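Input: a single structure, listed below in structure tokens.
The values are calculated or read from the model by the stated rules, or taken from the named source; none is laboratory data. Just so we're clear, the structure is a prediction, and the values are computed from it rather than from any experiment. So basically every Cβ, Gly included, is an ideal-geometry build from the backbone, and we count neighbours across all protein chains shown.
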Amino acid sequence: MTRHTFFCIDAHTCGNPVRVVAGGAPFLPNVSMAEKRELFLRDHDWVRRALMFEPRGHDVMSGTILYPSSRPDCDVGVLFIEVSGCLPMCGHGTIGTVTAALETGVVTPKRSGKLSLETPAGRVDIEYSKSGGKVEQVRLFNVASYLHAQDVEIDVEGLGTLTVDLSYGGNFYVIVEPQANWPGLDRMSASEIVKLSPKVRAAAQAKLSPAHPDDRRIAGVSHVMWCDKPRDAKANARNAVFYGEKAIDRSPCGTGSSARMAQLVARQRLNVGETFVHESIIGTMFNCRVEAAANVGSFSGILPSVSGWARVTGHNTIFVDDHDPLRHGFQI
Ligand code: PYC
């Protein structure tokens with residue numbers, strides 16, 4: 001019998017899970033994280049399914065695997081694993097991973113208060129504050145983000161015609177704002193979000209089939225962001241982000257917040273230099289900022305930053321035994 005053992009640090013970022021695999025991951029050659037992502041998906045995807053899906057994970061599970069970076073300007077490489085696949089970039093996953101890695105000593109920073117991560121979507125710089133051995137706050141300086149398409153009409157069974165935008169913040173997001181056929185988050189239950197989102201995603205994908213202008217490996221509509229006014233007076237906006245088959249992000253979603261800021265700047269509802277506080281479905285918040293303007297291919301975009309907190313919930317040694325019929329996980 002073969003037993004695979006994974007040494008994980010479990011955490012959550014503003015309520016959304018992050019399982020950081022610090023030991024036991026499959027060997028990958030010294031190539032870029034974008035290439036490692038492709039090799040992992042081709043040869044080792046069972047590891048993701050075993051650690052993310054039931055019975056070891058659940059419908060909302062998300063995590064990372066740490067690898068050495070092949071870039072001299074990065075401290076560590078991060079592979080994002082999730083119920084939906086291997087994301088090019090994940091904001092809540094980054095904040096949770098940095099917190100867990102620093103608090104447990106898995107990563108030793110060369111510079112005080114700063115780290116640089118190599119992600120499949122590109123380099124992501126980090127600034128963090130730490131007190132009494134605990135990481136208090138992590139700000140990530142995300143990859144360039146841009147509005148890919150605006151005022152796109154899609155037909156969604158159960159809602160009718162919706163007018164949506166498609167924006168990139170490390171993943172491609174359909175952005176749905178309140179309108180005649182969708183009155184907003186207060187009038188929508190979590191189970192309705194889970195039922196309608198795959199239809200919205202499929203309709204947007206069928207119409208747009210987006211790919212990143214500088215890296216065609218980053219392609220496809222993966223997330224749906226339902227937007228509304230904030231409940232908390234400290235926030236500028238609220239959202240519920242859908243991913244995978246059944247997941248609603250409990251955090252305000254880092255790549256989603258980046259995509260949303262790119263959309264708002266392109267629509268002249270937010271300016272370079274301004275902050276944007278984003279509230280999640282459970283009321284947790286990310287403090288975001290438009291750092292600068294940036295070009296992405298022929299699109300005008302932005303360089304966004306996102307700040308939030310995470311807490312480590314425990315150390316988890318996970319076994320995947322060959323004689324377990326459910327060793328590679330399942331979803332119902
Ligand atoms: O925070 O970027 C994010 C994210 C993506 C999917 C779930 N959370």
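Considered as a group, the residues in region 230-281 that are among the hydroxyl-bearing types (Ser, Thr, Tyr) and more than 9 Å from the ligand (Cβ to nearest atom) include one that is farthest from LEU87 (Cα to Cα), and that residue is THR275.
In the set (1) closer than 26 Å to PRO120 by Cα; (2) within 16 Å of the ligand (Cβ to nearest atom); (3) part of a helix (DSSP H, G or I), GLN205 fails one condition alone, (2). If the condition is being surrounded by 15 or more Cβ atoms within 10 Å (Cβ to Cβ) and among the aromatic types (Phe, Trp, Tyr), then region 26-78 contributes PHE40, PHE53, TYR67.
ALA262 falls short of the stated requirement of being within 15 Å of the chain's Cα centre (by Cα), of a type outside the set (D, E, K, R) and at pLDDT 95 or above.
Condition check ((1) within 17 Å of the chain's Cα centre (by Cα); (2) in a loop (DSSP other than H, G, I, E, B); (3) within 18 Å of GLY77 (Cβ to Cβ); (4) among the hydroxyl-bearing types (Ser, Thr, Tyr)) across all residues:
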site: HIS12; (1), (2), (3), (4): yes, no, no, no
site: ASN30; (1), (2), (3), (4): no, yes, yes, no
site: LYS36; (1), (2), (3), (4): no, no, yes, no
site: ARG42; (1), (2), (3), (4): no, no, yes, no
site: ARG48; (1), (2), (3), (4): yes, no, yes, no
site: ARG56; (1), (2), (3), (4): no, yes, no, no
site: ASP59; (1), (2), (3), (4): yes, yes, no, no
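When region 82-141 is limited to residues that are among the polar types (S, T, N, Q) and within 16 Å of the ligand (Cβ to nearest atom), the one that is surrounded by the most Cβ atoms within 10 Å (Cβ to Cβ) turns out to be THR97. In region 232-253 there is at least one residue that is over 15 Å from the mean Cα position of the chain (by Cα), surrounded by 15 or more Cβ atoms within 10 Å (Cβ to Cβ) and in a strand (DSSP E or B). Taken over region 28-65, residues that are of a type in the set (D, E, K, R) and under 16 Å from ARG327 (Cβ atoms) amount to 5. Residues in region 269-276 include none that are in contact with an Asp or Glu (Cβ under 8 Å, 6 or more places away or on another chain) and buried (at least 20 other Cβ atoms within 10 Å of the Cβ).
For region 1-28, taking the residues that are hydrophobic (A, V, I, L, M, F, W, C) and within 16 Å of the ligand (Cβ to nearest atom), the one that is farthest from ARG250 (Cα to Cα) is identified as VAL20. Checking the stated criteria, HIS315 turns out to be touching a Cys at 6+ places or on another chain (Cβ under 9 Å), more than 11 Å from the ligand (Cβ to nearest atom), touching a residue at least 40 places away in the same chain (Cβ under 8 Å) and not charged (D, E, K, R).
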